[in-house]
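Chemist: Please find one structure pasted underneath; my questions will follow.
Just so it is clear, none of the values below were taken in a lab; they were calculated from the coordinates. Treat the numbers as computed from the prediction; the structure is a model and nothing was measured. Every residue, glycine among them, receives a Cβ derived from its backbone with ideal geometry; neighbour counts consider all protein chains shown.
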Amino acid sequence: MNLSLDKAELRKTILSQRKNLSLTIKQQASERIVQTILESPFYSSAKHIGLYFAFQGEVDLQTLMLRAWHTEKKTYFPVVQENKTLLFFEVSSTTPLKPNRFGIPEPVVTHPSVSLEILDNLFIPLVAFDDERYRLGMGQGYYDRTLAPLYAQDQITQVKTIGIGYAFQHTAALPREPWDIPLDMIITERYIWKG
């Protein structure tokens, strides 16, 4: 990928590619990624899982959510805040959902949010990732702002941050900001990338 592209151009290019993926390719990739997660030791030992609802062609982890419930793991999903951060709330099979302003399903909040430190695994969607596990998101900075306090307190080591994407979203290096922090790993339909 051309490193001269700035973040906006890169985002636009990759989002266009992702949008054009066939339903079959997306479903097959999702199945492979979920299977990789289910077979991993970090997931097997986890009790509290941070997930997301797929949006605009992101890898869909709904099967993982259902499997987590079946094995009595607790799942937590983000709710967008006015200050462009995310709060995570427990979601079960009986939790009502509603679309947020972007059209992404969110739990209807009826109980307090959880501290991120409770999460064993936090699965994070991405637009692109590089060889050093840095992530390019949708451009609003929600995950960056949400994770920043944990990184500042060195608590992120307790939460395994796992990017989820397609192999074609891998590039050698991304434009980087001083506050960017690498993820622990990225899982695609072809491999687990640990850098």
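Chemist: Suppose each label sits 7 Å from its Cα in the direction of the beta carbon; what would the residue 158-residue 117 distance come out to in nanometres?
Modeler: The answer from the label model is 0.4 nm.
Chemist: Quick one: dipole size for the chain, taken about the Cα centre, charges +1 on Lys/Arg Cβ and -1 on Asp/Glu Cβ, in debye to the nearest 20.
Modeler: Dipole size: approximately 400 debye.
Chemist: Between residue 71 and residue 109, what FRET efficiency follows from the Cβ-Cβ distance if R0 is 41 Å, with the result rounded to 0.05?
Modeler: 0.95
Chemist: Averaged across orientations, what area in nm² does the convex hull of the alpha carbons in region 1-115 project?
Modeler: Answer in nm², one decimal: 9.3.
Chemist: Can you list the lysines whose alpha carbon is less than 20 Å from that of residue 194, not counting same-chain residues fewer than 8 positions off?
Modeler: Within the straight-line limit of under 20 Å, residue 194 reaches these lysines: 160.
Chemist: Would you mind pulling out the separation of the Cα centroids of region 1-68 and region 99-114, in Å?
Modeler: Spelled out, the Cα-based centre of one part sits 20 Å from the other.
Chemist: What do you get when you divide the Cα radius of gyration of the chain by 2.2 N^0.38 Å, with N the number of residues?
Modeler: Here the Cα radius of gyration is 0.98 times the empirical estimate.
Chemist: Could you work out how far apart the two model spin labels at residue 167 and residue 32 are, taking each label as a point 7 Å from the Cα in the direction of the beta carbon, and quote it in nm?
Modeler: 0.5
Chemist: Region 79-157: which trypsin sites (Lys or Arg not before Pro) are DSSP loop and have at most 13 other beta-carbon atoms within 10 angstrom?
Modeler: Within region 79-157, the qualifying trypsin sites (Lys or Arg not before Pro) (loop, at most 13 other Cβ atoms within 10 Å) are 84, 101.
Chemist: Here is a follow-up. So in the chain, what percent of DSSP beta bridges are antiparallel if you round to the nearest 5?
Modeler: For the chain, the DSSP antiparallel bridge percentage is about 50.
Chemist: Pop the C-beta distance of residue 140 and residue 9 into the FRET formula with R0 = 22 Å and round what comes out to the nearest 0.05.
Modeler: Calculated value: 0.80.
Chemist: Which residue fluctuates most in the GNM of the chain (Cα springs below 10 Å): 149, 125, 182?
Modeler: 149
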